Amino acid sequence: MPKLLNNDDGQTHQTLHGFNFSAVKIEDLGASEYTIVTIVVDVSGSVGPFKNEMELTLQKILESCKKSPRSENLLIRLVAFSDNVNEIHGFRELVTIDPAEYSNILKCYGATALMDAALNSAEATEAYGAHLSSIDYRSNGIMFVITDGQDNVSVIAKNPSVLKKAFQKIKTGEIALESFISILIGIGDDPSNVAYLNQLAQDAGFDQFVEIDKATPTKLARLADFVSKSVSSQSQSLANGQPSQPLTF
């Protein structure tokens, strides 16, 4: 099970399908608008060979985001999934997170609850956005799901249509998020996995599918750059009221 960082994040909330998530107390927020960011990481057994590189990638994402002019307007949640979905930490202001906290946090074992992890994260983004809106905070959201394999143990989102319905609800329902972007990132060159993830992205309605054929330091560094720039673009869109466009990997 992943190591939990500051699990007492202040307040516990629940999503439509009963997923629990935590978030910083509203009274502790320092800005008036936020981009709600969720990074969802596969920690099934097959990720073990490159888990150290993945931790460095997460650290680089934080370091890059901290350099953004909008760093004080970012809330980050980190989720890991294998047999189950585990919140490593709930929504926290980026400025309060030390990248060193992400050292040795990924414990790799078990199978791949990919779709449950994506549903958990999408619903948590929606629920927290609605909570912020109820007290007059503006927000938008972006979610990255990083995996090297195919779903084989999800129990709630058993097919892509469940995810698609959740994504559509976020984008078209009467909720607080001004916009929402979902990105599925596949790591590895197994043709069957690539085909599966590409089809899942289409069937579930992810906004973008990114393929990384090897988990090399160079390509994971590109991934960190892509994620941080996507976060910055989405946050800037909240500031200027213009839609954010998916970036090319």
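Of the residues Asp116, Asp148, Asp136, which is charged (D, E, K, R) and either closer than 15 Å to Lys25 by Cα or at pLDDT below 95 (or both)?
Numbers: Asp116 fails: either closer than 15 Å to Lys25 by Cα or at pLDDT below 95 (or both); Asp148 fails: either closer than 15 Å to Lys25 by Cα or at pLDDT below 95 (or both).
So the residue among Asp116, Asp148, Asp136 that is charged (D, E, K, R) and either closer than 15 Å to Lys25 by Cα or at pLDDT below 95 (or both) is Asp136.
Let's see how each residue does on (1) within 18 Å of Thr57 (Cα to Cα); (2) outside any helix (DSSP H, G or I); (3) open to solvent by 10 Å² or more (accessible area, probe 1.4 Å):
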position	(1), (2), (3)
Ala100	yes, no, yes
Asn104	yes, yes, yes
Ala117	no, no, no
Ser121	no, no, no
Ala124	no, no, no
Ser139	no, yes, no
Met143	yes, yes, no
Ile146	yes, yes, no
Asn152	no, yes, yes
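Any chance segment 36-43 includes a residue that's open to solvent by less than 30 Å² (accessible area, probe 1.4 Å) and either more than 17 Å from the chain's Cα centre (by Cα) or acidic (Asp, Glu) (or both)? Lay out the reasoning, then the answer.
So in segment 36-43, the residues open to solvent by less than 30 Å² (accessible area, probe 1.4 Å) come out as 36-43.
Narrowing the set further to residues that are either more than 17 Å from the chain's Cα centre (by Cα) or acidic (Asp, Glu) (or both) leaves 42.
Yes, that holds for at least one residue.
Which residue, of Ala166, Ala195, Ala221, is closer than 27 Å to Gly129 by Cβ, part of a helix (DSSP H, G or I) and either of a type outside the set (D, E, K, R) or touching a residue at least 60 places away in the same chain (Cβ under 8 Å) (or both)?
On the way: Ala195 fails: closer than 27 Å to Gly129 by Cβ; Ala221 fails: closer than 27 Å to Gly129 by Cβ.
Selected residue: Ala166, the only one of Ala166, Ala195, Ala221 that is closer than 27 Å to Gly129 by Cβ, part of a helix (DSSP H, G or I) and either of a type outside the set (D, E, K, R) or touching a residue at least 60 places away in the same chain (Cβ under 8 Å) (or both).
Can you tell me which residues in segment 179-211 are buried (at least 23 other Cβ atoms within 10 Å of the Cβ) and within 16 Å of Ser46 (Cβ to Cβ)?
Of everything in segment 179-211, those that are buried (at least 23 other Cβ atoms within 10 Å of the Cβ) and within 16 Å of Ser46 (Cβ to Cβ) turn out to be Ile185, Gly186, Ile187, Leu197.
Please determine, by comparing only the residues of segment 60-75 that are among the basic types (Lys, Arg) and not in a helix (DSSP H, G or I), which one is least open to solvent (accessible area, probe 1.4 Å). Lay out the reasoning, then the answer.
Of the residues in segment 60-75, the ones among the basic types (Lys, Arg) are 60, 66-67, 70.
With the extra rule that they be not in a helix (DSSP H, G or I), the set shrinks to 67, 70.
Numbers: Lys67: 168, Arg70: 28 Å².
The extreme case among them is Arg70.
Can you say whether Tyr128 is aromatic (Phe, Trp, Tyr), out of contact with any Ser or Thr (no Cβ under 7 Å at 6 or more places or on another chain) and under 24 Å from Ala204 (Cα atoms), as far as the supplied structure shows? Spell out how you get there, then give the answer.
Numbers: aromatic (Phe, Trp, Tyr): yes; out of contact with any Ser or Thr (no Cβ under 7 Å at 6 or more places or on another chain): yes; under 24 Å from Ala204 (Cα atoms): yes.
Answer is yes for this residue.
Hey, among the residues in segment 169-192 that are over 27 Å from Gly110 (Cβ atoms) and assigned to a helix (DSSP H, G or I), which one's nearest to the chain's Cα centre (by Cα)?
From segment 169-192, those over 27 Å from Gly110 (Cβ atoms) are 169-181; that's our starting set.
Next cut, assigned to a helix (DSSP H, G or I) only: 169-172.
Numbers: Lys169: 18, Ile170: 15, Lys171: 17, Thr172: 20 Å.
Going through the qualifying residues, I end up with Ile170.
Could you tell me how many of the residues in segment 68-83 are free of Cβ contacts under 8 Å to residues at least 40 places away in the same chain and not β-branched (Val, Ile, Thr)?
First, pick out the residues of segment 68-83 that are free of Cβ contacts under 8 Å to residues at least 40 places away in the same chain: 69, 71, 76.
Cutting the leftovers down to not β-branched (Val, Ile, Thr) gives us 69, 71.
Number satisfying all stated conditions: 2.
Out of the residues in segment 78-95 that are assigned to a loop (DSSP other than H, G, I, E, B) and polar (S, T, N, Q), which is surrounded by the most Cβ atoms within 10 Å (Cβ to Cβ)? Break it down stepwise before answering.
We begin by selecting, within segment 78-95, every residue assigned to a loop (DSSP other than H, G, I, E, B); these are 82-84.
Cutting the leftovers down to polar (S, T, N, Q) gives us 82, 84.
Values: Ser82: 25, Asn84: 14.
In this case the residue turns out to be Ser82.
Of the conditions (1) under 15 Å from the mean Cα position of the chain (by Cα); (2) under 22 Å from Leu62 (Cβ atoms); (3) hydrophobic (A, V, I, L, M, F, W, C), Ala215 clears all except one; give me its number.
(1)
The values are calculated or read from the model by the stated rules, or taken from the named source; none is laboratory data. A quick note: this is a predicted structure, and the numbers were derived from the prediction, not measured. Methodologically, a virtual Cβ is constructed for each residue, glycine included, from the backbone with ideal geometry; neighbour enumeration extends over all protein chains shown. To get the accessible areas, we keep the full protein, side chains included, count just its heavy atoms, and leave off ligands, DNA and RNA. Shrake-Rupley method; radii C 1.70, N 1.55, O 1.52, S 1.80 Å.
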